[in-house]
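Okay, so here's the structure we're looking at.
The values are calculated or read from the model by the stated rules, or taken from the named source; none is laboratory data. This structure is a prediction, so every number in the text was calculated from the model and none was measured. Note that we place each Cβ from the backbone using ideal geometry, even for glycine, and neighbour counts take in every protein chain shown.
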Amino acid sequence: MDDREWYKPMSFYQIWVRSFADGNGDGIGDLYGVYDKLPYVKSLGVDGIWFSPIYPSPNADYGYDISDYKNIHPDFGDLEQFKKVLTRAHEMGLKVIMDLVVNHTSDEHPWFVESCKGKDNPYSDYYIWRDKPNNWDSLFEGEAWEYVPSRGQYYLHIFAKKQPDLNMDNPKVREEVKSIMRFWLDMGVDGFREDVINFISKREGLPNGLPFLPAAKGMSHYKDGPHIHEYMAEFRKVCEDYDCFQLGEGPMTTVKSAMKYLTGPTKSLDMMFSFDHMMADCMYTEYLHRPFSLVKLKKAFTKWQYALAGKGWNALYIENHDHPRIISRYGSEFFWRESGTMLAASYIFQQGTPFIYQGQEIGMTNIKLMSIDQYVDVSSITNYHTYHLKEDPERRLHRIHLSSRDSARTPMQWDTSENAGFSKVKPWFYVNPNYNKVNVAKEEEDKESILWFYRNCLALRKGSETLIYGDYTEYFPKDKNIFMYERSLGKESYLIICSFSRLPVRAHKPEKFKGHKGELVLCNYEGESKLLHKKGLLRPFETRVYRYNLE
């Protein structure tokens, strides 16, 4: 395997455009705002941008229900404005990747509108229709089947009702996907993040799912389905005609199944977003909540690091548009700066390509709205009205505070002006009230801020072959307070130490490093605490990165 593919040394910044920056003054983030903020994105030290869907959409799932794959949502601008953003990004040395959402479309897509009319039109078999539904559940909105009177059949929707699943077994559908890919690649984009791509092949006959799996009934019959690698090979061939890369999202996939996408003769992806480390507190907190477990988080990180070592490449992330904010989840809002900086070091220095989600780099936190009626995410609303109905409304709302995707979608906090500098008019969604403390402008002026720590992490990684390509080794995997790992290449090693504790805790030096003095190259506390350091103690949520030359 070539160890110098262009995406390996890179880091990416994910932009969920609706909440990034409003450039035309209508309260909705857009490509005009993105264009204006490109110098800020570049200043972080990232090398590329991943755009969440910016195509026309009725917004049943805020862009992941697409009604036109070859255009731009009018809320965000138009194709000409996108081309301006793309051109300027490339001039700045930033790659641009698009979200490719082809497991499903919007029910307002012309293909589906035609498909609903009957069985005798060219789009009849573009979707999955059935006379009688099986017992599958959708992941967002009740049962996975919806009846259409005009056709007299049910269509499958693994997600929301307005997101009918495409029938990828139809060769014409696969040709449509390839046409979409070529459209954007010909325009100059550098690759794709492929949404729930391991769901696109369903088992023949669509058999019933196991009845005791809430919200996932049927998943074993469409996750990593029978023809998935055959279809992925077709899409891979398109990308081989361009100098681009493919990043897949693989919900609930295992390391073993992921390896088939990332290595060997069935390789069809350069990287895959896995979900294992998002289960350290149970990702689905709406119906099952467990306290955060550092041991579980470390086990997930290390499992993927060891499995892909020398064979594939990891996509590193701890936050995105689909998860609540990481400080509120795995860190501490009380120790906001300390835990926000520590969490950055906990993942950026692992082997792989780091992804940073907008607002993560300034430590944005979860919003706590007063009523479920204030939330707009379809999954949050459904879960509130589905699970734990015997609990009082306040307790159910607390679960939403912990888990809602809407917490990751509040407007970006740029400064202390009205609406956090996101817009000059009322934004489309609520601004987190803590924007006077948490914002770009304030953190720009503070070299000890979370923002500057992210910059320092990315600069340190980019300047080190060891931190990009070196081997990964974890130490003390059973420690409930400290995550410690090494990156090594030749005689050089970096030791990354991260405390997840609210109290001072003792950190032990691994045997390999005893007798060697390391250089402290990064720390999230200003100055030394000689008393604690002498006792080998780390301060709350302290992180330290040491460089060793092990001659």
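Data overview
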{"quantity": "Filter pass, residue 312 being outside the structural domain of residue 545 (by TED's automatic domain parsing) and either assigned to a loop (DSSP other than H, G, I, E, B) or free of Cβ contacts under 8 Å to residues at least 60 places away in the same chain (or both)", "calculated": "yes"}
{"quantity": "Residue satisfying condition, being more than 30 Å from residue 509 (Cβ to Cβ), at pLDDT 95 or above and not basic (Lys, Arg), within set 477, 411", "calculated": "411"}
{"quantity": "Per-region count, the stretch 331-349, residues in contact with a Phe, Trp or Tyr (Cβ under 8 Å, 6 or more places away or on another chain), over 13 Å from residue 483 (Cα atoms) and either aromatic (Phe, Trp, Tyr) or not assigned by TED's automatic domain parsing to the domain that holds residue 362 (or both)", "calculated": "1"}
{"quantity": "Test: residue in the stretch 74-97 that is under 25 Å from residue 198 (Cα atoms), in the same structural domain as residue 216 (by TED's automatic domain parsing) and touching a Phe, Trp or Tyr at 6+ places or on another chain (Cβ under 6 Å)", "calculated": "yes"}
{"quantity": "Residues located in the stretch 123-137, provided they are touching a residue at least 40 places away in the same chain (Cβ under 8 Å) and assigned to a loop (DSSP other than H, G, I, E, B)", "calculated": "125, 126, 128, 134, 135, 136"}
{"quantity": "Meets criteria (more than 26 Å from residue 59 (Cα to Cα), in the same structural domain as residue 251 (by TED's automatic domain parsing) and either without any contact (Cβ under 8 Å) to a residue 60 or more places away in the chain or buried (at least 22 other Cβ atoms within 10 Å of the Cβ) (or both)) for residue 191", "calculated": "no"}
{"quantity": "Enumeration of residues in the stretch 510-522 that are touching a Leu at 6+ places or on another chain (Cβ under 8 Å) and either touching a residue at least 40 places away in the same chain (Cβ under 8 Å) or part of a loop (DSSP other than H, G, I, E, B) (or both)", "calculated": "510, 516, 518, 521, 522"}
{"quantity": "Unmet requirement for residue 62, which otherwise passes all of (1) surrounded by 23 or more Cβ atoms within 10 Å (Cβ to Cβ); (2) modelled with pLDDT under 95", "calculated": "(1)"}
{"quantity": "Search result, residues across the stretch 94-116 that are among the aromatic types (Phe, Trp, Tyr) and surrounded by fewer than 22 Cβ atoms within 10 Å (Cβ to Cβ)", "calculated": "111"}
